[in-house]
Structure formats: structure tokens, C-alpha cells
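Encoded as C-alpha cells, the structure appears first; notes follow it.
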Amino acid sequence: MAVASSFFALFMVGNGVHPSKLRSNPSVLNPLPIINLKSCPVKLKYRCSHRPGKKSTVKSLFTGIVEEVGHIQQLGPNEDGGFEMKISAKAVLGGVQLGDSVAVNGTCLTVSDFDLLASHFTVGLSPETLRKTSIGDLGPGSPVNLERALQPISRMGGHFVQGHVDGTGEIVMFQSEGDSLWVKVKTSPELLRYVVPKGFVAVDGTSLTVVGVYDEENCFDFMLVAYTQQKVVIPMKKVGDKVNLEVDILGKYVEKLLKSGTGSEEAGNTPC
């Protein structure tokens with residue numbers, strides 16, 4: 001709870017809530033109430049990008065709980081020489097505004113156009129996004145996981161997902177057990193180092209619990225229950241397909257602190 005509270009506080013401050021408000025009202029950091037996003041009258045905007053020269057803050061957070069599966073209508077160059085993707089959707093269009101953040105297969109993208117009557121929205125794709133993710137391997141008709149950015153009043157159902165894809169993995173095995181489905185993914189050693197048994201990983205934007213890690217194979221596996229299989233795109237893929245991966249950000253922070261040698265004395269605290 002302490003870690004979750006710290007991350008939530010960072011999220012609140014990054015979106016305009018002064019730290020003194022958090023100190024004077026500790027209840028802000030208490031577990032969040034259950035609120036139906038669809039009926040919520042408040043629509044706040046959190047954008048993926050930040051201005052050059054400005055201190056980076058948490059602007060978008062996701063939970064890894066997929067809201068719906070959309071389908072790509074168009075994917076390719078636009079008239080301005082950029083690259084964009086048009087996606088058919090319904091649920092994530094509720095209260096949508098230009099500049100809103102939507103996770104598409106776990107990739108945080110910004111809405112640049114939308115049509116509520118035609119039930120679709122458009123996002124731009126940078127060259128780095130195409131290099132780093134599996135989106136370039138998709139095409140018209142491809143299903144994609146969709147999730148809107150988390151609001152400060154939303155229920156936190158998965159784990160903290162930034163929508164910043166760390167790299168890709170390759171599905172190497174599907175195996176059924178009862179009505180559940182085992183999935184094994186192979187990835188690079190650089191990413192696998194942050195994957196631990198019973199830890200979190202976002203696969204195509206879906207928050208999942210790692211079951212096993214196999215360092216000698218550069219693989220990890222997880223299990224999808226019957227309900228999840230009906231709500232995400234992973235079971236629609238086949239062996240050899242790529243998936244976007246985002247490892248748990250906490251592992252990266254811990255690694256950096258250990259490498260820097262930052263101790264309690266440097267932080268101004270008296271060691272026990």
C-alpha cells in the first residue's frame with residue numbers, strides 16, 4: 001500500500017494537485033472507491049508527451065485492464081508525411097477529447113481525430129513507436145487491446161502501466177489446461193531480467209501475473225483464465241507472433257538506486 005500510495009501521489013502531483021493538499025488530507029491516499037468510469041461525469045485529460053526542457057512528470061497511467069478490443073481500419077502514411085492508425089471502437093470513445101491518451105496494445109498513443117457517429121478514432125505513430133513496438137506488424141482488420149488513461153478517481157484493478165513499451169516478445173507456446181490457457185513468451189535477456197515469478201508484466205497492454213521464468217530459454221509464461229481469453233487479443237494470436245512488453249517500473253527504479261549506490265545517509269536519513 002505504501003508503494004501504491006507513493007505512485008498515486010506522484011500521479012496526483014503531476015496532474016496539478018499541490019503536495020500540501022496531500023499532506024493536509026491523508027485520506028486522498030486511501031484506497032480508491034469503486035466508481036463506474038462510464039457513468040463518471042468528469043473527464044480529465046492526461047497526455048503522453050511532455051514539453052522539451054520541462055521536468056518530466058507522470059502524465060498518463062493505465063491499469064492493464066483492457067476495456068475493449070478494437071479493430072484497425074487503416075494503418076499507413078498520412079497526407080502530412082507522418083504515419084497514423086485509425087481504429088474502430090465504442091467503449092473508449094466515451095467522453096473522448098482530442099489529445100486524450102489511449103493504450104493500443106499497451107502503447108500510449110494520443111487521439112488526433114475521432115468520429116463518434118462512425119465509431120472510430122485516429123492516433124499518430126512516431127518512427128520510434130514503430131521501431132519499439134509490434135504495431136508495424138499489424139494491418140487493417142487486426143484486433144487490438146484498448147484502454148483509456150487512468151483518472152485519479154478510477155478504480156485501480158491491475159498494476160501501474162505507463163504505456164511505454166520496453167520491447168517485444170515472441171509467443172513460442174500455447175497450451176490448454178482445462179478452460180485456461182498457458183502462454184509462453186520469449187524475449188531478450190535485457191527485458192527478462194526484470195521479469196520475476198508472481199510479478200507483473202504487461203503483454204499487449206494486458207496486466208498479467210508471471211508464473212514461471214526460464215532464464216536458459218529467455219522465456220516466461222503466464223496463464224489466461226476463460227474470462228480473460230474472451231476480453232483480450234492474445235488468444236487470437238498464433239505461435240511466432242510478436243507481443244508488446246512493458247516490465248514493472250518498480251524493478252527499474254530499484255536497479256537504478258542500487259547501481260547509483262544511493263543510501264539512506266545521502267537521502268538525509270539517519271540509518272537504523
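Mind listing the phi-derived Karplus ³J(HN,Hα) values for segment 193-204, rounded to whole Hz, using 6.51, -1.76 and 1.60 with θ = phi - 60°, and x for any glycine or proline?
So the J values, rounded to whole Hz, are 4, 9, 9, 10, x, 6, x, 9, 8, 9, 10, 6.
Test of the criteria: in segment 196-267, which trypsin sites (Lys or Arg not before Pro) are in a DSSP loop and have at most 10 other Cβ atoms within 10 angstrom of their Cβ? Display every interim value, and only then the final one.
Values: sites: Lys198, Lys231, Lys237, Lys238, Lys242, Lys252, Lys256, Lys259; in loops: Lys198, Lys231, Lys237, Lys238.
Those satisfying the criteria are Lys198, Lys238.
5 Å is the cut-off here: which amide hydrogens, built 1.01 Å from N in the peptide plane, fall below it relative to Gly199, excluding neighbours closer than 5 in sequence?
Answer set, sorted by chain and number: Val210.
Quick one: pull the percent of accessible area on segment 68-256 belonging to carbon and sulfur, 1.4 Å probe, ligands and nucleic acids left out.
Carbon and sulfur atoms account for 51 percent of the accessible area of segment 68-256.
Quick check on segment 68-256: take the gyration tensor over C-alpha atoms, sort the square-rooted eigenvalues as a ≥ b ≥ c, and tell me if it's rounded (a/c under 1.5), prolate or oblate.
It comes out prolate by the Cα gyration axes.
Using mean Cβ contacts within 10 Å as the protection proxy, how do 94-107, 127-140 order, highest first?
By packing density, highest mean first, the sequence is 94-107, 127-140.
What number comes out for accessible area per residue over segment 68-256 if the probe is 1.4 Å? Units Å², please.
46
The values are calculated or read from the model by the stated rules, or taken from the named source; none is laboratory data. The structure displayed is predicted, hence computed values, not measured ones. Glycine also receives a Cβ, built like all others from the backbone with ideal geometry; neighbour counts cover every protein chain displayed. In case anyone asks, the SASA skips ligands and DNA or RNA and just uses the protein heavy atoms, side chains included. Shrake-Rupley method; radii C 1.70, N 1.55, O 1.52, S 1.80 Å.
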